[in-house]
Amino acid sequence: MRPVRVVEGRAVPLGRNDVDTDQIIPSEWLKRVERTGFGRGLFSEWRDDPDFVLNRPEYAGATILIGAERFGTGSSREHAVWALLDYGFAAVVASSFGDIFANNAAKQGLVIVRLEPAALAELVALVTADPARHVTVDVERLVVEVPDAGWHHAFALEPMTRERLLQGWDDIGLSLRHEAEITAFESRHGGETPVARLAAR
Amino acid sequence: MGGRTLYDKLFDEHVVATPPGEPTLLYIDLHLVHEVTSPQAFDGLRLNGRRVRRPDRTLATADHNVPTDPPAVPVADPVSRRQLEVLEENCAEFGVTLFPRGDANQGIVHVIGPELGVSQPGMTIVCGDSHTSTHGALGALAFGIGTSEVEHVLATQTLPQQRARTMAVTLEGRLAPGVSAKDLVLAIIERLGTGGGAGHVIEYRGEAIRALSMEGRMTVCNMSIEAGARAGLIAVDETTIEYLRGRPGVPEGPPFDEAAARWRTYVSDDDAAFDAEVVIDAAALSPRVTWGTNPAQVVALDGVVPSPEDAGSDEERDAVERALAYMGLTPGTPLREVGVDVVFIGSCTNSRLEDLRAAAAVVAGRSVAAGVRALVVPGSHRVKAAAEAEGLDRVFAAAGFEWREPGCSMCLGMNPDQLKPGQRCASTSNRNFEGRQGRGGRTHLVSPAVAAATAIAGRFAAPAEVAP
């Protein structure tokens with residue numbers, strides 16, 4: 001994973017509560033065995049509507065997506081995160097997230113920013129009034145800023161999630177530091193497994 | 001110190017390491033794999049020269065993409081076919097046991113784990129699928145993960161995990177006749193909302209839960225994620241033990257009794273405290289139907305389509321208006337006057353033998369309404385064989401239902417079983433999201449008995465309304 005220190009650029013206000021991962025990337029796209037190329041499928045059913053916010057030229061090239069409540073509920077598909085990243089988003093700001101989505105995002109370096117609804121509404125008002133506004137998500141200082149409006153708001157990340165983003169650490173590598181402990185656990189947690197019993201029949 | 005919850009016991013027993021300032025490293029006992037969320041994970045292993053650490057703790061099946069035609073019919077969609085082939089190639093290369101399309105043990109991953117006895121009490125179980133919560137019905141900590149975590153578990157048999165908060169949902173009283181586990185879980189989601197369980201592991205308890213069969217308990221745990229909870233749990237009791245006895249993955253004789261004695265400890269202590277508690281009067285519940293585009297948008301079958309005017313906030317009103325427009329519904333319409341085009345009985349929520357029995361009891365001697373397409377898709381080949389041994393296939397066929405081969409089928413638009421734009425479906429699956437069953441399709445979640453009655457009536461109906 002590449003390190004992420006700061007995400008900056010335009011921010012596009014999606015609105016809508018309960019944006020589920022089936023909307024972010026419809027199931028049809030999940031048949032692919034590749035990890036890249038999902039950006040074309042991002043919100044593909046909603047993008048058929050010419051008025052959909054992602055189709056508006058003033059938000060072209062945005063790097064920050066602003067959701068509302070419970071962004072990324074439903075299916076565990078990490079493809080939703082791949083699609084957002086592939087499309088060009090590097091951070092999602094919302095007041096709450098689906099647990100599995102947020103977890104997947106952390107693994108892939110998509111920055112998840114939780115803002116309380118009042119602060120989120122202020123940010124949405126700012127980028128709605130002027131879509132060209134430059135917005136910054138600073139992972140090091142844990143703050144979202146709209147510099148030209150003098151607006152800023154702190155956000156929280158789990159210390160380990162923040163460190164992994166800043167360092168670009170690979171989770172598997174981190175866990176394999178505990179190889180000896182895993183082996184020790186397995187030696188006291190042994191016996192024939194149900195899968196082995198089934199395979200032997 | 002107070003007692004421990006079932007969740008605490010399961011978590012504590014699987015701690016491998018507690019590095020300071022980092023999440024706990026948790027051991028994973030069973031990793032279930034399917035074709036959709038695994039190809040990129042196996043690629044990651046190859047890229048880094050890693051192997052599958054414990055093939056004997058890993059089990060794969062093909063379910064999401066498989067057509068529900070007889071196995072001899074080739075997979076027409078080349079992208080789906082390739083994904084199924086890649087699963088076979090990966091399992092062969094990494095030594096993982098696979099039940100491919102047509103195998104006697106093949107089926108929906110959350111149906112075969114319990115029925116084969118590989119999902120057991122006291123385990124940690126993961127799968128790249130959010131409905132992994134199903135296996136919590138056995139007193140196991142089971143939750144869905146993304147593809148990065150699939151790769152992580154394949155490589156290390158562990159996952160870094162923060163301890164979740166605990167929520168007790170107590171279902172008091174017994175369900176009334178005609179009210180099923182599906183109605184119960186829809187009522188729970190209606191109460192908690194789509195985010196009410198976020199950050200929590202839910203333990204379902206109370207008289208209504210204890211009275212449910214294992215299959216009904218799986219239906220309840222299955223939809224925990226629809227209330228935002230990654231995992232649902234039910235304490236082990238004699239119903240759990242008797243369900244497991246004799247299953248292929250379970251030991252026999254004295255080793256079974258030893259295992260059962262250990263399994264009986266997977267209950268919350270009497271004095272355990274939960275972070276949140278919710279109590280629901282299960283005895284007062286009636287059959288449920290979803291009307292909207294998220295699983296918390298639920299009404300009684302006896303009710304009417306709600307109005308945006310009754311919403312508590314602007315956002316909520318917008319959400320209701322958007323859902324009504326998508327669903328093509330008018331506020332105030334009785335659900336019983338809403339006609340359907342398709343009825344789907346299947347999915348990891350409701351495709352087990354009891355579900356098929358409940359539906360067959362309603363349709364026996366009756367006929368599917370003119371113009372309605374009705375499908376029954378058993379959750380696995382074992383379910384299909386057991387149902388056929390009882391003659392259920394003939395009951396469904398005589399009524400005009402299609403009796404199909406096992407798979408995820410019309411639960412999600414990844415295989416040929418899909419709605420056409422604008423079609424309305426009474427479905428025993430778990431998600432009524434926009435486009436979930438096919439682009440433009442309109443999904444109403446119901447129980448197997450209500451789905452069956454709806455197929456006969458051609459509109460939403462309770463079994464009593466279509467009784468001969």
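The values are calculated or read from the model by the stated rules, or taken from the named source; none is laboratory data. Being a predicted model, the structure only gives us computed values, none of them experimental. Cβ sites come from the backbone with ideal geometry, for glycine too, and all protein chains shown count toward neighbours. Quick note on the areas: whole protein, heavy atoms, side chains included, nothing else; ligands and nucleic acids left out. Shrake-Rupley method; radii C 1.70, N 1.55, O 1.52, S 1.80 Å.
General remarks:
- The phi-based Karplus calculation (6.51 cos²θ - 1.76 cosθ + 1.60; θ = phi - 60°) puts the 3J(HN,Hα) values of region B:280-288 at 10, 7, 5, 5, 8, 6, 10, x, 10 Hz, whole numbers, x for Gly and Pro.
- Cβ neighbours within 10 Å from other chains - mean over B:227-234: 2
- For the peptides B:332-345, B:49-62, A:29-42, B:423-436, the ranking by packing is B:423-436, B:49-62, B:332-345, A:29-42, with the highest mean count of neighbouring Cβ atoms within 10 Å listed first.
- When the accessible areas of B alone and A alone are added and the area of the pair subtracted, with a 1.4 Å probe, the result is around 5500 Å², both sides summed.
- Descending by average beta-carbon neighbour count within 10 Å, the peptides B:262-268, B:217-223, A:68-74 line up as B:217-223, A:68-74, B:262-268, the highest first.
- Here the contact order of chain B, divided by its residue count and restricted to Cα pairs under 8 Å and six or more residues apart, works out to 17 percent.
- In order through region B:29-34: 3J(HN,Hα) via Karplus (6.51 cos²θ - 1.76 cosθ + 1.60), integer Hz, x for Gly, Pro: 7, 9, 10, 9, 10, 9
- Relative contact order for chain A, counting Cα pairs under 8 Å that sit 6 or more residues apart, in percent: 25 percent
- Between amide H atoms placed 1.01 Å from N, distances below 5 Å from B:G144 occur with B:T132, B:S133, all of them 5 or more places distant or on a separate chain.
- Of A:R56, A:R164, A:R177, the one that fluctuates the most in a GNM where chain A has Cα springs shorter than 10 Å: A:R177
- Taking amide hydrogens as placed 1.01 Å from N in the peptide plane, the amide H of B:G438 sits under 5 Å from those of B:G413, B:L419, each at least 5 positions away in sequence or on another chain.
- Sequence-distant residues sharing a close amide H with B:V279 (under 5 Å, placed H): B:T170
- Per-peptide packing, taken as the mean over residues of other Cβ atoms within 10 Å, places B:316-329, B:370-383, B:147-160 in the sequence B:147-160, B:370-383, B:316-329 from highest down.
- Every helix of 4 or more DSSP H residues in the protein assembly as shown counts as -39500 (n - 2.57), and over all residues that averages to -9000 deg cm²/dmol at 222 nm.
- Relative contact order for region B:335-456: 35 percent, from Cα pairs under 8 Å spaced at least 6 residues apart, divided by residue count.
- Accessible area (Å², 1.4 Å probe, nearest 10) - B:V86: 20 Å²
- Greater than 32 Å apart at Cα, pairs in A:K107/B:K384; A:K31/B:K384; A:K107/B:K182; B:K9/B:K182: A:K107/B:K384; A:K107/B:K182
- DSSP finds beta bridges in chain B, and of those with both partners inside it, around 25 percent are antiparallel.
- Average accessible surface area per residue within chain B, 1.4 Å rolling probe, Å²: 32 Å²
- Residue-wise HN-Hα coupling along region A:86-98, computed from phi with Karplus coefficients 6.51, -1.76, 1.60 (Hz; x: Gly, Pro): 5, 5, x, 7, 10, 8, 10, 10, 7, 8, 7, 9, x
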